[in-house]
Structures are given as structure tokens and as C-alpha cells.
Amino acid sequence: MRVTTWGEVESLVANRIPESPSLEYKSALELGVRSEKVEALKDLTGIGNGGGGTLIYGVEEDAANDGIPIGLERLTDRGLVGILEDIARSSVSPPLLMELRILEGPGGFLLVVEIMRSPLAPYMVEAYGERRYYIRIGTRTAPMTEQQIRDAYMLAARARERRGDLWEEHSLPFRPPTGEPWLAISALPEEPLRDLLDPTSIQLDSIRHPHWMNALANEGRFDDALLGSRLQIWADGLHGDDRTQTKHPTSIFRLHRDGAATLATSHQHQPLPLYSIARELNAQIVYLTWLWQEFGLQTAVEVHAALEHLNTGTLVMGSGDDVRPPHQPSGTAVTSVSLHREFLPWDLRRASRRHEFVRDFSDRLVQSFGHSSVQVMFRVGWLYGPDGIPLRLGLGGAGVWSEAGDRVAIVHNSGRIGRLDAADQTVGFVRDGVVLDKEGGAMATLEMATGAALPDTFIPKAFAIDARYRAAGGSGEPLADENPVELPVPRGEWSDSSLALVINPRPS
């Protein structure tokens, strides 16, 4: 059962739809002490190990008839949603495949959590002194027996044994047709595979990206493979590239009937600019996620990102004067760098989840060239507003900086942002690359910030000319803050305040 609206929850209550192995109600979300956190993890993993299902927080049950909903108990503390996600991400192995969905209504909100079974192994709670498996049977969650655990691992192993054959049957991951570096993202849904599109009736224009994605199509370089007659039907789906009679393709797209897909771009020009690689990958994920939404893909997806033929290129970071070849350990050759993760397709619509994947891939890439980690776009750089347009303000080191390189606000190591002419006056807070107001709303964000502070909806609609931008002093350290500061709890929503106006208020 997929619950997406407030009205659907009201309908469950009005019709007294009882709990089941795949549906559970909770009147409250309480995570203040260890036992409450463990209980939440038991509930989530129990549903996942029972085959998947839906957990709804904010529904009161009949005390005399357990499992029957009788009303709504609206939630009010938005900070608990981020805490629940944090403990679920960090305390469950393998990673919990879930979607958190906030349903707004009068007087508060409801929280719907959709959990899917893991194809890798049964979920284990491994935090707060726990290392146990749980399963939902009927309307109760209990520890799994040794036989249940053994059977779950055996079923997962059988499924994983077949995965290699399925990747090969789809000719994935992508294999570069030429010898220069290629960036490719390949994806394969989990079983059961089913046809999502019919090549005999598909309108090719429906595959084209929407207008709001124009800037991303340019950055991701997939538009060239989708234009006009370049998009073609073939037995297993659709494909396109920018090949002409005089050159090899430099942009390739393929979409299978079952939702498996690949987007690939060649990088013939040297050196490889890191910021372009990161932007391309992010744009390609946005497009594929949009496609899966359009065709109604409902299963988890394995995502494989790779930069092939790495040994033929060099990498440039920062200001452009640090150009390096890949580091080659003695006795081996670094020919590629890759990252393989599994996601629910709707989870990848969340900006922080996409950015986390791109950041991890970028870190692996720069480490192949002898750098430790990526800073640009993830920790310092241009700031964007809720419309996805750069604000002409940069964040980094001890300040917020203007486009001309002048410091316009002071950043402290506590995360507090002080006014330039009165540093003790707070104008905002920085958390995970997002500038927050005092209520926890986002006033601005770095291009690929991660974490709970980032609104799910953030997508760049235009781009700063050079993502390597570092305003004067931007690479330094934040200033020490004399007094302890408690950062606001992020709401994951956009603020009504404008960062530009907060820093430079209009004269009265």
C-alpha cells in the first residue's frame, strides 16, 4: 500500500482498515531516549524483513481493539523526522530502503514511511547495544529465529547470484566505445522486472526532459542524444546518441523496457575538470529519476557510476593550476573509478540523497589523483536560492562573500553567521552547506549540499560560470565563536526570508 495524501490516511481511519503485516499505525513519534530509538528501528526493520510495507505516524488506535484506527494524532515536531532518518541511515545494515513522506494538514502533519525489503540481506539493527534481526508477523514485531535469518540470507544469496546475469543481459554497466575517458551512469531495477514502456506506442517526445531541466540537460550533456531523429526505437526499448558520419558518439542514452538505463558522455579534452564531472553526474541522476517517475517504476534500483579509461586523462581541481595524472600503485594500473549503490527511485528525487552519491563518487575520483576529498560545491562555493538560481554570494572559510570577492558577513566555527558591521548580531546559521534562519528554514544552499537541512526539492535551474569559485579568504577557517551556539533544528523547507536581504537590509 502506497499512501501519498492526507485524504488517503483519513480514508483508512474512516473505514477502520486494520493493521496488517504490511501496514502499521503509531500515534506518536518519540525518539528522546535509547529505548524509543530502538523501538523505532525494530518497527522499521521488522516491516522490511516481513516483505515491506507502510508505517504511519500520527494515527490513534482503538485501545479495546488493537490495530483498528479511530482518529488522527497530528505530529508537530518537525525535527523528529530528521532524527528518525539519521538513526535509520546509521543504525541498520544493509542500508534501509525507505521513503519518508510528510503529509501536511490542519494542526500538524502525519509521517508516512514506506519500507521495502532488501535484496541484499535481512535488515539488522546494529546500534544502542543491539545486533538483532526483527520481523513483522501479523500485527506484531518479534526477533527473527535462527531459521528465519538463515532462510532470509539464502533467498537473498539466490537473488544476488542472478544479478550478474541480469546486468550482462542488459549489456550493463556501460562499456565505452572509444579509448578516451567516459563518464557513465548505469542503472538496473531489482526483480521482479516488468515492462514499463511499450516501444510500439511510446511518444518519443515524452522522453525529452521538461523545460525546467534545460540547464541540467546542458550540464549533463544528454540533450544531444535525445534531440529529434537521434532518439530511436529498438527491440528492448529506446536509444540515442550524437554520432554523425564523421565522428564517434560523445553522448549516449539507452532506456530498456523494464527501466534499466544508461547515460554516458566522453571527455576528449584534457585535463578533466572535476566540477564538470560532478555536475554531469548530478544532472544525469535527476533526469533518470524523472523518467522512472514518469513510467511508474516501483522497485529499488541499483545505480552504478563510473569514469572509465581514467589512465588516459589528468584531473584539475581548485584554481586550475593543480593538474595531476592518476596515482598508480606499483604493480597495478588505475583504469577506472566507480561507485555502486542501491536506491528507491523516489528517494533519489531528494536532493540530499543525490548529492551524497555524487559527493562519494567525487571523493573516490579525486583520491585516485592523490587528493583527500572534494571541497568545491559540497563545502564551499556559490550559494543558490529556492528557485535554483545563484545568489551571487559565496560561502567559505570565515565569511559569506560577494561576487566581487568582498566579505559581506562573518562565519563562525559554531555555524553562526554574524553581521559584518556588528558580529554579535546573528543573521543566520550554516549547517551541512545550507544557510538557515532561526526557525530552521533554508535561506540558501551550496550547489550540492547534503544533509537534513537541504530541502528535498532543490534542483539548480542555472549555474554559476565556474564552480571552482573561491572568494577571497574562502579557503580559510571559520572564526572562533566566543559563546556556545545551538543551531536551529533544520526543517528541510525553504525559508520565507531572503539571505541577500538579511545580509543587506533595504533602508527604511
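The values are calculated or read from the model by the stated rules, or taken from the named source; none is laboratory data. Since we're looking at a predicted model, the values are computed, not measured. Please note: Cβ atoms are built from the backbone with ideal geometry, for glycine as well, and neighbour counts cover all protein chains shown.
Residues in region 109-140 that are crowded, with 23+ Cβ neighbours inside 10 Å and at pLDDT below 90: SER118 alone.
Taken together, the residues in region 149-173 that are farther than 21 Å from SER91 by Cα and either in contact with a strand residue (DSSP E or B) (Cβ under 8 Å, 6 or more places away or on another chain) or buried (at least 16 other Cβ atoms within 10 Å of the Cβ) (or both) amount to 6. Does GLY53 meet the test of being at pLDDT 95 or above, crowded, with 20+ Cβ neighbours inside 10 Å and not aliphatic (A, V, I, L, M)? Answer is no for this residue. Restricting the first member to region 130-143 and to residues that are over 16 Å from SER118 (Cα atoms), and the second to residues that are among the basic types (Lys, Arg) and surrounded by 13 or more Cβ atoms within 10 Å (Cβ to Cβ), the beta-carbon pairs closer than 7 Å and six or more apart or on different chains are THR141/LYS42; PRO143/ARG132. Under the condition of being in a strand (DSSP E or B) and surrounded by fewer than 20 Cβ atoms within 10 Å (Cβ to Cβ), the residues counted in region 188-203 number 0. Under the condition of being free of Cβ contacts under 8 Å to residues at least 60 places away in the same chain and more than 30 Å from the chain's Cα centre (by Cα), the residues counted in region 235-261 number 6. The residues of region 323-347 that are aliphatic (A, V, I, L, M) and surrounded by 13 or more Cβ atoms within 10 Å (Cβ to Cβ), listed by number, are VAL323, VAL334, VAL337, LEU339, LEU344. The set of residues in region 382-412 being crowded, with 17+ Cβ neighbours inside 10 Å, at pLDDT 90 or above and assigned to a loop (DSSP other than H, G, I, E, B) consists of GLY385, PRO386, GLY388. Taken over region 381-434, the criterion of being polar (S, T, N, Q), within 15 Å of ILE503 (Cβ to Cβ) and touching a residue at least 60 places away in the same chain (Cβ under 8 Å) is satisfied by SER402 alone.
Taking residues in region 346-365 that are more than 17 Å from ALA184 (Cβ to Cβ), and partners anywhere that are in a loop (DSSP other than H, G, I, E, B) and of a type in the set (Gly, Ala, Ser), the pairs with Cβ atoms closer than 7 Å and at least 6 places apart or on different chains are SER352/GLY451; HIS355/ALA449; ASP363/SER373. Of the strands (runs of 3 or more DSSP E) lying entirely inside region 220-296, not one contains at least 1 residues that are in the same structural domain as ILE459 (by TED's automatic domain parsing) and closer than 24 Å to LEU339 by Cβ. Of the residues screened, SER330 is one that is in a loop (DSSP other than H, G, I, E, B) and of a type in the set (Ser, Thr, Tyr). Residue-level analysis places ARG16 outside the set of residues that are surrounded by fewer than 17 Cβ atoms within 10 Å (Cβ to Cβ) and either at pLDDT 95 or above or within 22 Å of the chain's Cα centre (by Cα) (or both).
For region 214-234, what are the residues that are in contact (Cβ under 8 Å) with a residue 24 or more places away in the chain and farther than 20 Å from GLY259 by Cα? Residues satisfying the conditions are ALA215, LEU216, GLU219, ARG221, ASP224. For region 204-218, the criterion of being outside any loop (DSSP other than H, G, I, E, B), touching a His at 6+ places or on another chain (Cβ under 6 Å) and either at pLDDT 85 or above or surrounded by fewer than 19 Cβ atoms within 10 Å (Cβ to Cβ) (or both) is met by at least one residue. The numbered conditions (1) hydrophobic (A, V, I, L, M, F, W, C); (2) within 17 Å of the chain's Cα centre (by Cα); (3) surrounded by fewer than 24 Cβ atoms within 10 Å (Cβ to Cβ) are all true for MET377 except (3).
Take the conditions (1) touching a strand residue (DSSP E or B) at 6+ places or on another chain (Cβ under 8 Å); (2) of a type in the set (Ser, Thr, Tyr); (3) exposed (fewer than 15 other Cβ atoms within 10 Å of the Cβ); SER90 misses just one of them, which is (1). When ILE185 is tested against (1) at pLDDT 90 or above; (2) over 18 Å from SER171 (Cβ atoms), exactly one condition is not met: (2). Only a single item in (1) free of Cβ contacts under 8 Å to residues at least 12 places away in the same chain; (2) under 23 Å from LEU344 (Cβ atoms); (3) assigned to a loop (DSSP other than H, G, I, E, B) is not met by GLU8, and it is number (3).
If you check GLU294 against the conditions, is it charged (D, E, K, R), surrounded by fewer than 18 Cβ atoms within 10 Å (Cβ to Cβ) and touching a residue at least 60 places away in the same chain (Cβ under 8 Å)? Full working, then the answer.
Numbers: charged (D, E, K, R): yes; surrounded by fewer than 18 Cβ atoms within 10 Å (Cβ to Cβ): yes; touching a residue at least 60 places away in the same chain (Cβ under 8 Å): yes.
So GLU294 passes the test.
The residue of region 182-213 that is nearest to SER338 (Cα to Cα), among those that are free of Cβ contacts under 8 Å to residues at least 24 places away in the same chain and either touching a strand residue (DSSP E or B) at 6+ places or on another chain (Cβ under 6 Å) or among the charged types (D, E, K, R) (or both), is ARG208.
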